[in-house]
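The values are calculated or read from the model by the stated rules, or taken from the named source; none is laboratory data. Quick caveat, the model's predicted, so the values are computed rather than measured. As a convention, Cβ positions derive from the backbone with ideal geometry for all residues, glycine included, and neighbour counts pool all protein chains shown.
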Amino acid sequence: MKISNFKMTIFAFCILHFALCTDKAHAHLPMETEYAETLPKDSWEARFHAGYMDMSSSEDNWMTEQMYELNIGYGLTRDLSVYIEPTYKVKKMEMLHGGTHLMKEDSSGIGDTDVLARYRFRKKDREDGSCQQALLIGIKLPTGAWNLEENGTRLMDMVQPGTGSVDYRAGLAMTHRKGKFTLDGDVIYTVKTENQEDYKFGNLLSYDLAGLYQMKDTYLMLELNGRVAEKDEIGGDKDSDTGGHQLFINPGISYHILPNAMLMFSVQVPIYTDMNGDAQKINYHAMGGLHWYY
């Protein structure tokens, strides 16, 4: 799986968007897709998301993950917002060896923390909406436990709450509003580094597109979320049973429970899967959350 195969797709995506944007609300936020809209200067927002993910690589190897995220954003200027997102994770894995011996590993604890800056470099307003683009720059800090042991044996890296690595990401996001319809999209590349156990998770290309339609206090959402992961490395050697490409459809709904607060829910399921070897794939991912802004 070569990420370079997507260069022309990314280029076409960017050209198409800028061509369409020839010509306010902030609370439209999709669940997985990044967006270009920034917070007003000196304003805050807080989002709490809870998720449950079911994964497997075969009938003999499966894993679940619960994730709890608190995302706090602040508008430094009209066009620059910063966000910090600590996490808490609960992971469980079961694996059959030789078809008979069942190995179980589980962990729970504070996960890694994401820090993101969103810089909006273009905004064009019009009577019935706006068109915006933003640059995304982020870093993941290794705040989570990544060296947990059970009975004197270190848990597998994929079961640890944290990765033990500092990761970097950069990308572009767009938001296009017209009347009650909003279109968001992003392309983001994440560079991952090696931890002290000589394990490196594969670099990641994510691409997303989300459509949202407002009906009074309700938003109907439909997202497409693509994830292309390179192979993990152990001591510099690539693991042939890691990495691959999955494309998900992610229908959801959000509802204003207060003028400045929304409840959100979505379920992400794969519509295309092309994994390397016996790499673990996502079977479904259910997410819910509360978004508060002022």
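I'd like to know if region 204-214 contains one or more residues that are within 24 Å of Asn61 (Cα to Cα) and surrounded by 16 or more Cβ atoms within 10 Å (Cβ to Cβ).
Going through region 204-214, the residues within 24 Å of Asn61 (Cα to Cα) turn out to be 204.
Next cut, surrounded by 16 or more Cβ atoms within 10 Å (Cβ to Cβ) only: 204.
There is at least one residue in region 204-214 that is within 24 Å of Asn61 (Cα to Cα) and surrounded by 16 or more Cβ atoms within 10 Å (Cβ to Cβ).
Any idea which of Thr182, Thr163, Thr153 is hydroxyl-bearing (Ser, Thr, Tyr), within 17 Å of Lys89 (Cβ to Cβ) and either at pLDDT below 95 or surrounded by 19 or more Cβ atoms within 10 Å (Cβ to Cβ) (or both)? If you could, list the steps in order and put the result at the bottom.
Numbers: Thr182 fails: within 17 Å of Lys89 (Cβ to Cβ); Thr153 fails: within 17 Å of Lys89 (Cβ to Cβ).
On inspection, the qualifying residue turns out to be Thr163.
Of all residues being modelled with pLDDT of 95 or more and charged (D, E, K, R) in region 199-230, which is farthest from Asp167 (Cα to Cα)? Just the residue, please.
Glu223
Quick one: which of Ala145, Ala134 is crowded, with 18+ Cβ neighbours inside 10 Å and farther than 17 Å from Thr38 by Cα? Show your work before the answer.
Details: Ala134 fails: farther than 17 Å from Thr38 by Cα.
Testing whether each residue is crowded, with 18+ Cβ neighbours inside 10 Å and farther than 17 Å from Thr38 by Cα leaves just Ala145.
Quick check on Glu197: is it surrounded by fewer than 19 Cβ atoms within 10 Å (Cβ to Cβ), among the acidic types (Asp, Glu) and out of contact with any helix residue (DSSP H, G or I) (no Cβ under 8 Å at 6 or more places or on another chain)?
Numbers: surrounded by fewer than 19 Cβ atoms within 10 Å (Cβ to Cβ): yes; among the acidic types (Asp, Glu): yes; out of contact with any helix residue (DSSP H, G or I) (no Cβ under 8 Å at 6 or more places or on another chain): no.
Taking the combined requirement at face value, the residue does not satisfy it.
Identify all residues within region 47-79 that are among the charged types (D, E, K, R) and either modelled with pLDDT of 95 or more or crowded, with 19+ Cβ neighbours inside 10 Å (or both); write none if there are none. So that I can check it myself, show each step before the final result.
Narrowing region 47-79 to residues among the charged types (D, E, K, R): 47, 54, 59-60, 65, 69, 78-79.
Matches in region 47-79: Arg47, Asp54, Glu65, Glu69, Arg78, Asp79.
Based on what the data block shows, is Ile271 surrounded by fewer than 19 Cβ atoms within 10 Å (Cβ to Cβ), modelled with pLDDT of 95 or more, of a type in the set (Val, Ile, Thr) and farther than 23 Å from Lys89 by Cα? Give the steps one after another, and end with the answer.
Details: surrounded by fewer than 19 Cβ atoms within 10 Å (Cβ to Cβ): yes; modelled with pLDDT of 95 or more: yes; of a type in the set (Val, Ile, Thr): yes; farther than 23 Å from Lys89 by Cα: yes.
Yes, satisfied.
Out of all the residues in region 14-38, which are at pLDDT below 95, among the aliphatic types (A, V, I, L, M) and touching a strand residue (DSSP E or B) at 6+ places or on another chain (Cβ under 9 Å)?
Correct list: Leu20, Ala25, Ala27, Leu29, Met31.
With (1) of a type in the set (Phe, Trp, Tyr); (2) under 22 Å from Leu76 (Cα atoms); (3) assigned to a loop (DSSP other than H, G, I, E, B) as the list, and Trp146 as the residue in question, which single condition is left unmet?
Among (1) of a type in the set (Phe, Trp, Tyr); (2) under 22 Å from Leu76 (Cα atoms); (3) assigned to a loop (DSSP other than H, G, I, E, B), Trp146 violates only (2).
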